[in-house]
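Reviewing the structure listed below.
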Amino acid sequence: MIETTATVPRTTISGDEGIATSKVVTTVFEAILADINEGRLLPGHKISDTNLAESFGVSRTPVREAIQRLREIGLVEASANRFTRVAVVSPQQTANAMTVWIALYAALIEEVVPVATDELVEQLSADHAAFEDAVAKLDVQSIATTNFQFFNRMAVVSHNPELRRAIRSVVHMVRLGSLHLPEFIDLEALTQAQTELLAATRKRDLEKARDALGVIRGIRIPQ
């Protein structure tokens, strides 16, 4: 495997005090997560805590804490004295994570759709247009990114921190797994689900939003 580290621009972070709760850990975590989500770190790519520590200008302690958090949500896997790498998520793991995500998202639409703001509707509309463009080009990375952005909009505005945390813990595994399936999922059905959810949110129609989620339930993850 190729050893690699995150490639987004780095700035030196001053101080490692309060490592477990500090912004240092959060900064490193978010940077690695972004590199995974945006395809700069691919499944199987090794992660070097030493290189990351040097890149951020911090000790290895916060880097290791950030990597541990990524392990907890299934995006990084490690073997003692052998490797730490981006997880290889199987189609079955993707399907399992998708089942959990759908259950959590059902709770999310119950909260958000009836009180959706015009700003949220505008954001969903722009995300959906970007998704349709990615589908037209059959750009796997862009499809995954724009689909994530669309469905993540509601999670961002939720007032339930536990629900946001639970969705975050599983959605990235779905996204990572979807990038490396043996074939495309049903993009027509996924487009339909987005279209219906956007329309339902625009009308604050909870029943229609539930129907849109039903379309996603019917999408098969290729094995």
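A compact table of results
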read-out: Hull volume in cubic angstrom per residue (convex hull over the Cα atoms of the chain); value: 130 Å³
read-out: Kyte-Doolittle mean at least -0.5 and Cα axial length at least 15 Å: DSSP H helices in the chain; value: 23-37, 91-112, 118-137, 140-157, 161-178, 187-203, 206-217
read-out: Relative contact order, percent, the chain [alpha-carbon distance under 8 Å, six or more residues apart]; value: 22 percent
read-out: Percent carbon-and-sulfur accessible area, segment 99-223, ignoring ligands, DNA and RNA, probe 1.4 Å; value: 54 percent
read-out: Exposure rank, largest accessible area first [ARG71, ARG220, ARG168; 1.4 Å]; value: ARG220, ARG71, ARG168
read-out: Spin-label pair SER142/HIS45, simplified geometry with 7 Å Cα→Cβ offset, distance in nm; value: 2.0 nm
read-out: Average accessible surface area per residue within segment 76-142, 1.4 Å rolling probe, Å²; value: 50 Å²
read-out: Backbone N within segment 202-223 under 17 Å of label point (7 Å from SER90 Cα along the Cβ vector); value: 221-223
read-out: Overall form of segment 130-223 per C-alpha gyration tensor (a/c, 1.5; a/b vs b/c); value: oblate
read-out: Value of [θ]222 nm, deg cm²/dmol, for the chain, DSSP H segments ≥ 4, -39500 (n - 2.57) each, nearest 500; value: -21000 deg cm²/dmol
read-out: Spin-label pair GLU54/ASP133, simplified geometry with 7 Å Cα→Cβ offset, distance in nm; value: 3.9 nm
read-out: Fully extended contour minus Cα-Cα distance, from ARG71 to ALA106, at 0.36 nm per residue; value: 10.0 nm
read-out: Unit charges at the beta carbon, dipole of the chain: most positive-side option, ALA136, ALA97, GLY57; value: GLY57
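The values are calculated or read from the model by the stated rules, or taken from the named source; none is laboratory data. Predicted model only: the values in this text are computed from it and were never measured. Cβ atoms come from the backbone with ideal geometry, glycine included; neighbour counts cover every protein chain shown. Note: areas computed on protein heavy atoms with side chains; ligands, DNA, RNA excluded. Shrake-Rupley method; radii C 1.70, N 1.55, O 1.52, S 1.80 Å.
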